[in-house]
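Below is one structure, written out as structure tokens; comments come after it.
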Amino acid sequence: MRMVRVGAGLPLLLLAVAGFFLFPEYLTLFTSLFILSVFALSYDLLQGHAGVVSLGHAVFFGTGAYTTAILARHGLAEPVLGLLAALVVSALLALVLTRIVVVGNDLTRLLVTLGVGFLMFEAANQARDLTGGADGLSDFTMGPVLGLFRFDFAGETAFFYSLAVLVLVYFFLWRLAASPFGLALRGIRENVRRMPAIGAPVRRHLATAYTISGGIAGLAGALLAQTSNFASLDMLGFERSAEVMMMATLGGTGSIPGVVLGATGLGYLKDALSAMSPKYWQLGIGIVLMLSVFVLRGGIAGAATALIRRLRERA
Amino acid sequence: MPLLEVERLTAGYGEAVVLEEMSLSVDDGEGLAVLGRNGVGKTTLMLAIMGHARRLSGSLRWQGTEIGGTPAYQRARMGLGWVPQERDIFPSLTVEENLLVAGRPGAFGLKDAYDLFPRLKERRRNMGDKLSGGEQQMLAICRTLMTNPRLLLLDEPFEGLAPVIVEELEATLRRLRAEKGFATVIVEQHAEDALALSDRAIVLDRGKIVLEGRSADLLADFAQVRRWIAV
């Protein structure tokens, strides 16, 4: 996977900027794809790097969304501050939850994260005063980004604002993956028994990864709430948790550019299919997912790496 | 004060007792060979020292400090370096990443690893699963050295390797001990190799020490060792 990992970020960024000029009427869609990418990247730090699965990652996404929405209702309308607050609150929540999530094996982790997800969903549903319950929160207005760039109707500010966050997160995770800590996470995924023998505190590493991952998921949620001016229960629901797992897997879990492609690919597909057939779009998604498992071994990134290797061998 | 002191250690897995009331010590810079047939507790002794087997009673002291209840990762950080029998190279990390993941500040770094085994430098971009058995063993040893240990525990380092490679590894281990003053504990089926690499030896049978002596003496009178290790 190494070949794809190095240097795929710049072409992706150029593609995104080209999209701004080529398809100016689709800026809102692009923005949502960037946000999905941030969310998928946050999740893949767990699944792809540390090998820790979760079916409740939307809890942090939703927490980030509500955090900035609630703060905006109370007067903190500057988006970047809202993002930072969402990052901190979601990361703290992840840190608190890490004790019950990180222990055990994959199966228990799936059940525990699923359970936490349902609990948080119900809690948010009950706390109507804070979250607006089933109606969600929409009675807030975000101020201009950094006091300079107002969110416009065409979505240009939202586009660049989300893209900037995606680029920062991408770069951060890319550096993190190559750091000794990132290597240790991959070591934990591959041979957790071996790690203590080289002096690596497995639990502490996993707790750190979980906290970072939760914080970034919160960023993504806050971005969505700010750019859509809405925070709702589905943002921390099970479907969103399952979706992020699909995106990471489709893109190629463990590969940062792959996960971005997976998130944008699945996000776009969902949008296109639901426009084509509002009734049966899930059928299309289901078929694509199943095909991807059989055809794309290791997701988009895995298939790309295999293709590059084959071309090189032939050359 | 000995570097490592094991006193009346009883250890095993779950309820099963493998080692019974074992006592031994290793001084700084000293080489100890642990000999014996399959299944007499040699690997369990290593696992117990590193904190991976269950200690039922007895004590383990590292430079005078009790470490019987210390988590495994902290023992590694204190200077106990273990090269497991399975080698356990991370398959999707490159050779270099396999080394860096274990890196801890100290005298031994990436450059030293490549000086020790130039072959690893040639292979540094190879994935961990694209290595020969000998290269894997070189990598496993260097990865442990990257943690800058004072005591090196080697579990059957020559198992399954071609004689040429075994000779190369033996020469390297001898040089490491002479130049850097590592203490080593080496577990081996090939008793002669282990005796040649150590100052002192113990022979285990059924979880107990049945023979103990200077390696040179045991080599000179090998018949008494053979009694305990012949299959």
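The values are calculated or read from the model by the stated rules, or taken from the named source; none is laboratory data. All values reported here derive from a predicted model rather than from experimental measurement. Neighbour counts run over all protein chains shown; Cβ positions are idealised from the backbone, glycine included.
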Checklist entry - Of the residues that make up segment A:208-222, is at least one surrounded by fewer than 20 Cβ atoms within 10 Å (Cβ to Cβ) and modelled with pLDDT under 95? => result no
Checklist entry - Among B:129, B:199, B:205, B:155, which is the only one that is within 14 Å of chain A (Cβ to nearest Cβ) and farther than 18 Å from residue B:99 by Cα? => result B:155
Next on the checklist: So if I check each of B:167, B:156, which one is within 22 Å of residue B:115 (Cα to Cα) and either of a type outside the set (S, T, N, Q) or surrounded by 16 or more Cβ atoms within 10 Å (Cβ to Cβ) (or both)?
Outcome noted: B:167
Checklist entry - What tally of residues in segment A:185-194 results from selecting those that are more than 7 Å from chain B (Cβ to nearest Cβ) and within 12 Å of residue B:73 (Cβ to Cβ)? => result 3
Checklist entry - Which condition number does residue A:306 fail, the rest of (1) surrounded by fewer than 16 Cβ atoms within 10 Å (Cβ to Cβ); (2) touching a residue at least 60 places away in the same chain (Cβ under 8 Å); (3) among the hydrophobic types (A, V, I, L, M, F, W, C) being met? => result (2)
Checklist entry - Pairs under 7 Å by beta carbon, first residue without any contact (Cβ under 8 Å) to a residue 24 or more places away in the chain in segment A:17-31, partner assigned to a helix (DSSP H, G or I) and surrounded by 12 or more Cβ atoms within 10 Å (Cβ to Cβ), six or more apart or different chains? => result A:19/A:30
Checklist entry - So which residues in segment B:132-152 are facing another protein chain (nearest Cβ under 10 Å) and in a loop (DSSP other than H, G, I, E, B)? => result B:146, B:147, B:148, B:149
Item to check | Members of segment B:170-183 found to be touching an Asp or Glu at 6+ places or on another chain (Cβ under 8 Å) and surrounded by 15 or more Cβ atoms within 10 Å (Cβ to Cβ), listed by number | outcome: B:170, B:183
Item to check | Any hit, segment A:93-102, residues being in a helix (DSSP H, G or I) and of a type in the set (Ser, Thr, Tyr) | outcome: yes
Checklist entry - How many residues, within segment B:89-120, are part of a helix (DSSP H, G or I), over 20 Å from the mean Cα position of the chain (by Cα) and within 14 Å of another protein chain (Cβ to nearest Cβ)? => result 5
Checklist outcome for this item: All-but-one check, residue A:84 against (1) hydrophobic (A, V, I, L, M, F, W, C); (2) surrounded by 18 or more Cβ atoms within 10 Å (Cβ to Cβ); (3) out of contact with any helix residue (DSSP H, G or I) (no Cβ under 8 Å at 6 or more places or on another chain), failing number (2)
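Yes/no matrix, rows are residues, columns are (1) more than 19 Å from residue A:82 (Cβ to Cβ); (2) outside any helix (DSSP H, G or I):
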residue	(1), (2)
A:116	yes, no
A:152	no, yes
A:157	no, no
A:176	yes, no
A:182	yes, no
A:211	yes, no
Item to check | Residue list for segment B:95-147, restricted to those being within 17 Å of residue B:165 (Cβ to Cβ) and β-branched (Val, Ile, Thr) | outcome: B:95, B:141
